[in-house]
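Worksheet for the structure shown next.
The values are calculated or read from the model by the stated rules, or taken from the named source; none is laboratory data. This structure is a prediction, so every number in the text was calculated from the model and none was measured. Note: ideal-geometry Cβ built from the backbone for every residue, glycine included; neighbour counts use all protein chains shown. Calculation scope for accessible area: heavy atoms of the full protein, side chains included, ligands and nucleic acids excluded. Shrake-Rupley method; radii C 1.70, N 1.55, O 1.52, S 1.80 Å.
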Amino acid sequence: MENGPRTTSGDDRRGARIPTNRRTPLLVVAMILAVLAAGAIGWAASSVLTPADDPLEAADYTYVKVQSGAVGSTTKLNTVAKWTPVPAGSNRAVGVVTEAPLEPGAEVGPGEVLYRVDQRPVVIGQGDVPAFRAIGLDAEGADVAQLQSMLAVLGHYGGAMDGIAGARTVEAIRAWQKALDVEQTGVVDVSDVIYVPDLPTRVSLDDEVITRGNLVTGGEPVVRALSTAPEFRVPVTEAQAATMPTGTRVKITSPSGDLWTAAAGKQVVDSQSGSIDISLDPLDGGSICGDGCSQIPVNGEALLDSVIVTAEEVSGLVVPSAALVTGADGHVAVIARSGDRLAVKVIASARGMSVIEGVDEGMDVRVPGREPTQ
């Protein structure tokens, strides 16, 4: 072992300086991060504590021209159309249905053939007394009078409607039977005519009974008279009902594409479901479907596309409703490009647009229509 002073090698000296050299850049990094964090906190505080600009105050005003146009409002809903059939007459013939030519909902008049049983025609007549017996020479009664009336309409009888089947009545019966191409007996059988209260009328037959090849035994209620026109209604929600007061126009597209116009009528609320139906009325006192009622199926309901006119169309000078301002005195005005307020009268408004009077077509008015904050 050597004695003497101890020396430090170069490697040892470098190892002693390492901690000093590493601390310096770490301190610098920490200071930079602290500055950045402080800046982020300041920015966040500024963003949270500083109120946003009022977009109405910051936004520039735009201008629109007063133009000719029209304002109105419509909504699309479905209309339900349905015939209301009522029992009108019963079959008295016995045999096999050999022909059933009548179309459902067809309009019929006195003497028209409804169907045939064993090739013998069954016709319709007008009267309050249903057929209950055969009518021949010397028969008397209200049923005879209504038979005479039918024969007169058909051009076979020109005598008195006295309810007495004399020689002239029997002669008329034979002429009618000849026209029908049946045996000319001069006697009307109980099964030959079905009487209904009013003619002409639209009728339908029970197709489960009066179908070619079916056997009928008499007594079946087969004739149903339809109302003079189908019923029309619009199912709506409570909110929709509020936009359809009585008289609101409804434009209906028929099954074949025709346009029918009606008016909203009575509102009926179902106490169980709370649903609301608005009945529709014809505008002219006739029927909604006019000559096209046969387009509505006799059985079931027809669902038709409809347009509800919630605001009638009005033509004139049009501006966005946002361009209108109301002063403290309640008067409505628009603001011109010059900044002047121009008093106007609002004729109609719908769907964000208004028809006005008091300005000239082509002039510019301010939107959103209020003076900027000073």
Please determine, by comparing only the residues of segment 56-109 that are free of Cβ contacts under 8 Å to residues at least 24 places away in the same chain and over 39 Å from the mean Cα position of the chain (by Cα), which one is farthest from V309 (Cα to Cα). A58
Restricting segment 248-304 to residues that are of a type in the set (D, E, K, R), out of contact with any Lys or Arg (no Cβ under 7 Å at 6 or more places or on another chain) and not in a loop (DSSP other than H, G, I, E, B), which is farthest from P235 (Cα to Cα)? D291
Condition first: surrounded by fewer than 15 Cβ atoms within 10 Å (Cβ to Cβ) and closer than 19 Å to V80 by Cα. Now tell me which residues in segment 209-234 satisfy that. T228
Condition check: within 30 Å of A106 (Cβ to Cβ) and part of a loop (DSSP other than H, G, I, E, B). Does M150 satisfy that? no
Residue by residue through segment 262-275, note down the ones that are more than 11 Å from the chain's Cα centre (by Cα) and open to solvent by less than 50 Å² (accessible area, probe 1.4 Å). A263, G265, G274
Which one of these does V355 not meet: (1) assigned to a strand (DSSP E or B); (2) open to solvent by 30 Å² or more (accessible area, probe 1.4 Å); (3) under 22 Å from S73 (Cβ atoms)? (2)
If you go through segment 167-183 one residue at a time, do you hit one that is within 30 Å of S287 (Cβ to Cβ), part of a loop (DSSP other than H, G, I, E, B) and out of contact with any His (no Cβ under 6 Å at 6 or more places or on another chain)? no
For segment 333-346, which positions are without any contact (Cβ under 8 Å) to a residue 40 or more places away in the chain and open to solvent by 40 Å² or more (accessible area, probe 1.4 Å)? S338, D340, R341, L342, A343, K345, V346
Go through (1) within 30 Å of A262 (Cβ to Cβ); (2) more than 30 Å from the chain's Cα centre (by Cα); (3) modelled with pLDDT of 95 or more one by one and return the number of the condition F232 breaks. (2)
Which residues, taken from segment 146-161, are farther than 16 Å from R174 by Cβ and open to solvent by 30 Å² or more (accessible area, probe 1.4 Å)? S149, V153, A160, M161
Could you tell me whether any residue of segment 96-118 is at pLDDT 55 or above, in contact with a strand residue (DSSP E or B) (Cβ under 7 Å, 6 or more places away or on another chain) and within 30 Å of P320 (Cα to Cα)? no
Test Y115 against the stated conditions and say whether it is surrounded by 15 or more Cβ atoms within 10 Å (Cβ to Cβ), in contact with an Asp or Glu (Cβ under 7 Å, 6 or more places away or on another chain) and not in a helix (DSSP H, G or I). yes
